[in-house]
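These notes are about the structure you will find just below.
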Amino acid sequence: MFSKILNKLKSILSKKSVTEKPKTKKVTKSTKKTKTAKTSKPKKQDSKKVIESFKSLPGIGAKSAKALYDAGFKTTNQIISAKDEELLAVPGVGINLVKKLRDQK
């Protein structure tokens, strides 16, 4: 039963990410002018900073931090306050990691 719930969440999350991608591709000409190579580099650095901040949480290493970032978590508070099902839907995140995070609360 739990695997059915987990599969359902994965399908919902994958549909959500698929529907969000086309929305981000629709960029007006005015925003294209503001985006330059200089603005893309800080975004990469910002993502590295966010991933590094995730590593401060108990049980989270480099791989799980990257997976959580790729899944849409942008702050440590989002990870801590997320439901167990949301965290388990992230590839590489298991029940032991969720337990460690719950002890953090």
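The values are calculated or read from the model by the stated rules, or taken from the named source; none is laboratory data. Just so we're clear, the structure is a prediction, and the values are computed from it rather than from any experiment. Virtual Cβ from ideal backbone geometry, glycine too; neighbours counted across all protein chains shown.
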Report task. Tell me which residues, restricted to segment 75-104, are out of contact with any helix residue (DSSP H, G or I) (no Cβ under 6 Å at 6 or more places or on another chain) and charged (D, E, K, R). Result -> Lys83, Glu86, Lys99, Lys100, Arg102, Asp103
Report summary line: Only unsatisfied item for Ile60, checking (1) in contact with a Leu (Cβ under 9 Å, 6 or more places away or on another chain); (2) modelled with pLDDT under 90, is (2)
Requested in this report: Pairs only if they're at least six apart or on different chains, beta carbon under 6 angstrom, first in segment 91-105 and touching a residue at least 24 places away in the same chain (Cβ under 8 Å), second surrounded by fewer than 12 Cβ atoms within 10 Å (Cβ to Cβ) and part of a helix (DSSP H, G or I); list them, first residue then second.
Outcome: Gly92/Lys63
Query raised in the report: Quick check, is Lys43 over 20 Å from Lys8 (Cβ atoms), modelled with pLDDT under 90 and surrounded by fewer than 12 Cβ atoms within 10 Å (Cβ to Cβ)?
Result: yes
Query raised in the report: Which one is nearest to Lys8 (Cα to Cα) among residues in segment 47-105 that are part of a loop (DSSP other than H, G, I, E, B) and among the polar types (S, T, N, Q)?
Result: Thr75
